[in-house]
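Q: Could you have a look at this structure, given as structure tokens, before my questions?
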Amino acid sequence: MKLTEIFKHKTVFSFEVFPPHGEAPVDKIRKTLTNLEHIHPDFISVTLGAGGIGAQNQTVGIANFIQNDLNIPAVAHIPGLYQSKEDVRKLLAELSGHHISNILALRGDKIAGRTPVGDFNHANELVSFIKEQPGDFQLMGACYPQCHQEAANLTEDIANLKRKVDAGADHLISQLFYENQCFYDFMDQTRSAGISVPIEAGIMPVTNKSQIERMAKISGKPLPEKFAAILNHYADNKEALRDAGIAYAIDQIVDLVAHGVDGIHLYTMNHSKVAQQIWDATASLFKDSEEKPSVHL
């Protein structure tokens, strides 16, 4: 079954992992993935940095383990900004050789001091290119409920998103957010713009205050008052901050599923215990359902 078909029958639950630093990244993450295997997520995505062939080999190796050892659909990230067309062709061929057909096509973050290749300056260009290649690849794209930091406003950002979907992205995964209302408002605007593909809500549990504050600074978006209060109150108590962050993520997920979200994509940061606690508290919400409400308030 294609991943897009799953959305017709249930609220999707998926994970993101990333290749650990250092030697033998597949060996390092094997335990994390094995610990998550029994949850039977609908898919697991694997990030790919801009580090060249080595980074690509790590992503392919981990995706291969997920797809062919764990028998869970794997989604490989491909950021296009620093890839040539030939680079992408080779990567697609390698993924196809491992029977991996699900791709998250991204522009990718800009790197200071590094010049983009120029073949893929926008994600829709990468989507269009992959659609032209041999193989039945299923393409996903990223979206930004609080607006991409380089877009002038959300209207412009959604217009860019529409181009990505029109190019062939048949499923979207949102950047993380900590206020559900912004996601509901975003959904209203995307549907009004004619974007009808499934959109998963990206949720990242808080386990590290400085990391979240750094990400908020990069995005240029202030943290919600309720969320900021949690960070500040438990800043000096690592265990309490972790527990509060998990509780906050669970609360977000319960509310999102109640409002008919297409799916939840959990940014695990490779923390299997955190993902497990969230799943234990929400598993019953993701049972198959023939009829789901729409996301709205």
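Q: Send over the semi-axes of the chain's equivalent ellipsoid, whole angstrom and largest first, taken as the square roots of 5 times the C-alpha gyration tensor eigenvalues.
A: 27, 23, 21
Q: Under a 1.4 Å probe, what is the accessible area of region 134-183 per residue, stated in Å²?
A: Dividing the accessible area of region 134-183 by its residue count gives 40 Å².
Q: Quick one: Cα centre-to-centre distance for region 217-258 and region 156-184, in angstrom?
A: 22 Å
Q: Could I ask something else about it? Principal axes first, then extents: for the Cα atoms of region 1-131, list largest minus smallest coordinate on each axis, whole Å, largest first.
A: So the three principal-axis extents are 42, 38, 26 Å.
Q: Here's something else I'd like to know. Can you tell me the FRET efficiency between ALA151 and ASN71 if r is taken as the Cβ-Cβ distance and R0 is 45 Å, rounded to the nearest 0.05?
A: Rounded to the nearest 0.05, the efficiency is 0.70.
Q: In region 29-138, carbon and sulfur make up what percent of the accessible area (probe 1.4 Å)?
A: 47 percent
Q: Starting from 0.36 nm per residue, how many nanometres of slack lie between ASN121 and SER192 once their C-alpha separation is accounted for?
A: 22.9 nm
Q: In what sequence, largest accessible area first, do THR115, THR59, THR34 appear using a 1.4 Å probe?
A: THR115, THR34, THR59
Q: Hey, another quick one. Cross-link candidates for LYS8: which aspartates and glutamates have Cα within less than 19 Å, leaving aside residues fewer than 8 places away along the same chain?
A: Result set, ordered by chain and number: ASP42, ASP170, GLU200, ASP262, ASP288, GLU290, GLU291.
Q: I would also like to ask the following. Going by accessible area, probe 1.4 Å, with all protein chains left in place, what is the ranking of MET187, MET269, largest first?
A: Largest accessible area first, the residues go MET269, MET187.
Q: Please compute the volume of the convex hull spanned by the alpha-carbon atoms of region 103-161 and report it per residue in Å³.
A: 99 Å³
Q: How far is it, in nm, from the label point at GLN276 to the one at ASN237 when both lie 7 Å from their Cα along the line to the Cβ?
A: Here the answer is 2.4 nm between the modelled labels.
Q: On to the next question. Solvent-accessible area of VAL197, probe 1.4 Å, all protein chains present, reported in Å² to the nearest ten, please.
A: We get 20 Å² for VAL197.
Q: Once Lys and Arg get +1 and Asp and Glu get -1 on their Cβ, which of GLY263, VAL127, GLY168 lies farthest toward the positive end of the dipole of the chain?
A: Result: VAL127, furthest along the dipole toward the positive end.
Q: Tell me, rounded to the nearest percent, the portion of alpha carbon pairs in region 90-246 spaced more than 22 Å apart.
A: The share of Cα pairs beyond 22 Å in region 90-246 comes to 51 percent.
Q: Now a separate question. Could you state how much accessible area SER284 has, in square angstrom rounded to the nearest 10, with a 1.4 Å probe and all protein chains kept in place?
A: The value for SER284 is about 80 Å².
Q: Further question on the same structure: Output the peptides 98-111, 131-144 sorted from most to least packed, where packing is the average of other Cβ atoms within 10 Å over each peptide's residues.
A: Ranking, from highest mean packing down: 98-111, 131-144.
Q: I would also like to ask the following. Which entries of LYS164/LYS287; LYS28/LYS110; LYS10/LYS85; LYS90/LYS164; LYS2/LYS221; LYS2/LYS162 have Cα-Cα distances beyond 26 Å here?
A: LYS164/LYS287; LYS28/LYS110; LYS10/LYS85; LYS2/LYS221
Q: Which residues' amide hydrogens lie under 5 Å from the amide hydrogen of LEU48, considering only partners 5 or more residues apart or on another chain, with H built in the peptide plane?
A: Hits under the 5 Å cutoff: HIS77.
Q: Further, regarding this structure: Over the residues of region 4-46, compute the C-alpha Rg and express it relative to 2.2 N^0.38 Å.
A: Dividing the Cα Rg of region 4-46 by 2.2 N^0.38 Å gives 1.39.
The values are calculated or read from the model by the stated rules, or taken from the named source; none is laboratory data. Worth saying up front: this structure is predicted, and the values here are computed from it rather than measured. Every residue, glycine as well, gets a Cβ built from its backbone with ideal geometry; the counts of neighbours run over all protein chains shown. With ligands, DNA and RNA removed, areas are computed over all heavy atoms of the protein, side chains included. Shrake-Rupley method; radii C 1.70, N 1.55, O 1.52, S 1.80 Å.
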